[in-house]
Amino acid sequence: MYNISSELTTLNQNYGLVGFEQNDGYIFYGDLKLNHKYNNISLKNDLYISMFVPFSYPNELPIVKDITKKIDSEFHKNKNDILCLACDAEMYLDLKTREDVTISDFIERFLLPYVYSYTYYKKYSKVPFGDREHGILGIIDFYKDYFKLDDRHITLQFLKYMAFEKYRGHNLCLCKSGKKLRNCHGIDIITLIEKVGINNILSDYNMYLEVMKDIKQQEKRKRMAEYKIIQQKKRLEYYLFPPKSPFEVSISKFYERYIK
Ligand SMILES: [Zn+2]
Ligand SMILES: [Zn+2]
């Protein structure tokens, strides 16, 4: 198991972070310095953060907070100034695939690119690397890219399968290639389940269901409101322009036909 205390000195020397042991992990504070170059564009910045690293890292992910509220709220940020560095599945997959993973890996792979991306965004009004949507859309797109699919509905089928079904290699693959899972996306599914874990996949799928439920409720509320407006409009029309009685209609027709 990874031992955080062995990395305290490195984290202090390389990133200026000072760590204190807490109940179930370490809490670090410091002014993280960015001085990085990507595609020949050098950027500098600094961000005062707190970072909680659970003892169980990398089986649980660190939480990083923007203490001085420097990052705009329209950029990737969650509640309570917690940075949205990437989707959890993406971080688990990356970190748990590394041998001898350290907190420096987390900082180099996710935290500093985030600060770089933000600094770039502030300067050029766009992001330097491919950016995903914040929230559930970004999460679905992560899985879509991971499985190299181009359909979000099929991606959701994969998520549902991983969350609820038992993997069987002889089942037909969900991508509709006509091949068996073991000859198609099987290995990708097995890797993801192993690195990310069923619970995290399930929680992503549940988030999708929650959001969908919310959208459906909103749609229903909107339809109800529209229905009420239509009903009111009908009543108003009836009130303002009452329909002619059948007798009146027939009289007018009679006139049209015989008098004119
Ligand atoms: Zn985000
Ligand atoms: Zn497939």
Q) Applying the selection to segment 131-151, what residues are part of a loop (DSSP other than H, G, I, E, B), charged (D, E, K, R) and more than 16 Å from ligand 2 (Cβ to nearest atom)? A) D131, R132, E133
Q: Could you list, in sequence order, all residues of segment 131-158 that are touching a Cys at 6+ places or on another chain (Cβ under 8 Å) and within 16 Å of ligand 1 (Cβ to nearest atom)?
A: R132, H134, G138, I139, F142
Q: Inspect all residues belonging to segment 14-32 and state whether any of them is charged (D, E, K, R) and buried (at least 17 other Cβ atoms within 10 Å of the Cβ).
A: no
Q) Among the listed residues L192, L181, L172, which satisfies the condition of being surrounded by fewer than 14 Cβ atoms within 10 Å (Cβ to Cβ) and either farther than 23 Å from N59 by Cα or aliphatic (A, V, I, L, M) (or both)? A) L172
(Q) Given the options S104, S73, name the one that is surrounded by fewer than 18 Cβ atoms within 10 Å (Cβ to Cβ), hydroxyl-bearing (S, T, Y) and at pLDDT below 90. (A) S73
Q. Which one of these is within 16 Å of ligand 1 (Cβ to nearest atom), surrounded by 14 or more Cβ atoms within 10 Å (Cβ to Cβ) and at pLDDT 90 or above: Y161, Y208?
A. Y208
Q. Is it true that some residue in segment 214-235 is more than 29 Å from K96 (Cα to Cα) and surrounded by 12 or more Cβ atoms within 10 Å (Cβ to Cβ)?
A. no
Q: Scan the strands (runs of 3 or more DSSP E) fully inside segment 18-59 and keep the ones with 3 or more residues being among the polar types (S, T, N, Q).
A: 41-54
(Q) Taking the condition of being charged (D, E, K, R), within 20 Å of Y15 (Cβ to Cβ) and assigned to a loop (DSSP other than H, G, I, E, B), how many residues in segment 74-130 meet it? (A) 2
Q.
When the residues of segment 120-154 are narrowed to those that are hydroxyl-bearing (S, T, Y) and modelled with pLDDT of 95 or more, which ends up surrounded by the most Cβ atoms within 10 Å (Cβ to Cβ)?
A. Y143
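The values are calculated or read from the model by the stated rules, or taken from the named source; none is laboratory data. A quick note: this is a predicted structure, and the numbers were derived from the prediction, not measured. Every residue, glycine as well, gets a Cβ built from its backbone with ideal geometry; the counts of neighbours run over all protein chains shown.
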